[in-house]
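The values are calculated or read from the model by the stated rules, or taken from the named source; none is laboratory data. Nothing here was measured: the structure is a model prediction, and the numbers come from that model. Using ideal geometry, Cβ is built from the backbone for each residue, glycine included, and neighbour counts are taken over all protein chains shown. Just the protein is used for accessible areas: all its heavy atoms, side chains included, with ligands, DNA and RNA removed. Shrake-Rupley method; radii C 1.70, N 1.55, O 1.52, S 1.80 Å.
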Amino acid sequence: MKILSGSGSLVLAQRLAQVTGFPIIHREIKRFPDGECYVRIHENLDGEDIVYVQNTYPDTNIVEYLITIDAIRQYKIKSLVSVIPYFGYGRQDKRFNDGEPISAKVMAEHLSENVDRVITVNLHNSEILKWFRVPAVEIKGERAIAEYFKKFNPDLIVSPDKGSYERAKFVSEILGIPFVQFEKKRIDSERVTMETGDIDVKGKTVAIIDDLISTGGTIITASRILKDKGAGKVIVGCVHGLFVSNALDRIQMYVDVLISTDTVENPKSVVSLAEDIKNEIMK
Ligand code: R5P
């Protein structure tokens, strides 16, 4: 097997190469002066099993993904596994209003063209898997985050909303500690309100788990409430750290520790999912 790394997943592809021992394919990716993407593979891939690792976020990575698949397919390869660490557009998984697309479906259908299998991580909604036109699986990043949380000895796990309930429960079971779920209401794309119920966090180390941090509105609100209630330390772990605009700086004003996995490369990508992806590839 050989690994082809997309420019949206360089670190994870490198880590995957380390844990599998598979070589990285020599390729070239650059931008034309007008911003369009140029891809060239500098090896003959005839007879090879290929693992292509590429995020489909932001949009520029989608174009790179599509044209790279074409570059790979000119060779008589044995198989092509597409690893999409962060599947963009997952949040538009239904028509919330008339006239809208089901973006997640469009993406799943197009990204599975000309590949044999898809491995992705923490989809916004697991139902999206059914829209891929080839066998597709979803790895859950919370197992690796739970392992990382152990070093901080948290007393309590918090789910900032209903969507992370199962995730928080899973992490709390691994750590053998209780969990609570907050009730979140979204005001707009950056602001939320939260109800915590009656909780006592005075002096405690509290770990919040979420699948995704985008603007940071969710995590900042939850962390601020926990600090106001006297939490000793607030630890935050997310699978996909998008940290749009100045989210990283803003979040760090309220939390003691912030970590994410390496599905989206950022300064907090300290938890690697390379082993989990390797295990799925080898199945
Ligand atoms: C919600 O469905 C997700 O689990 C995240 O809580 C949310 O997308 C985070 O977005 P933001 O960081 O902008 O609050």
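Considering only residues that are open to solvent by 40 Å² or more (accessible area, probe 1.4 Å) and not acidic (Asp, Glu), look in the stretch 233-250 and name the one that is nearest to the ligand (Cβ to nearest atom).
Checking each candidate, the answer is 244.
Restricting the stretch 241-272 to residues that are assigned to a loop (DSSP other than H, G, I, E, B) and within 14 Å of residue 190 (Cα to Cα), which is nearest to the chain's Cα centre (by Cα)?
Among them, the one singled out is 242.
Going through the stretch 46-71 one residue at a time, which ones are in a loop (DSSP other than H, G, I, E, B) and either within 23 Å of residue 120 (Cβ to Cβ) or among the acidic types (Asp, Glu) (or both)?
46, 48, 54, 55, 56, 57, 58
Whether any residue in the stretch 160-177 is farther than 21 Å from residue 262 by Cα, more than 15 Å from the ligand (Cβ to nearest atom), of a type in the set (Gly, Ala, Ser) and within 23 Å of the chain's Cα centre (by Cα) is what I want to check.
yes
Can you give me the number of residues within the stretch 82-131 that are assigned to a loop (DSSP other than H, G, I, E, B) and within 14 Å of the ligand (Cβ to nearest atom)?
14
If you check every pair at least six apart or on different chains, which have Cβ atoms under 8 Å apart with a residue in the stretch 213-226 that is basic (Lys, Arg) first and a residue that is more than 9 Å from the ligand (Cβ to nearest atom) second?
Going by the 8 Å Cβ cut-off, the qualifying pairs are 224/254.
On the basis of being free of Cβ contacts under 8 Å to residues at least 40 places away in the same chain, among the hydrophobic types (A, V, I, L, M, F, W, C) and open to solvent by 10 Å² or more (accessible area, probe 1.4 Å), does residue 11 make the cut?
Considered against the rule, which asks whether it is free of Cβ contacts under 8 Å to residues at least 40 places away in the same chain, among the hydrophobic types (A, V, I, L, M, F, W, C) and open to solvent by 10 Å² or more (accessible area, probe 1.4 Å), residue 11 comes out as no.
When the residues of the stretch 189-217 are filtered to those that are within 10 Å of the ligand (Cβ to nearest atom) and out of contact with any strand residue (DSSP E or B) (no Cβ under 9 Å at 6 or more places or on another chain), which remaining residue is nearest to residue 143 (Cα to Cα)?
Among those residues, the one meeting the criterion is 216.
So residue 163 ticks every box in (1) over 23 Å from residue 275 (Cα atoms); (2) modelled with pLDDT of 95 or more; (3) open to solvent by less than 70 Å² (accessible area, probe 1.4 Å) but one. Which box is left unticked?
Going through the list (1) over 23 Å from residue 275 (Cα atoms); (2) modelled with pLDDT of 95 or more; (3) open to solvent by less than 70 Å² (accessible area, probe 1.4 Å), residue 163 breaks only (2).
Quick one: is residue 132 surrounded by 17 or more Cβ atoms within 10 Å (Cβ to Cβ) and at pLDDT 95 or above?
For residue 132, the condition - surrounded by 17 or more Cβ atoms within 10 Å (Cβ to Cβ) and at pLDDT 95 or above - is met.
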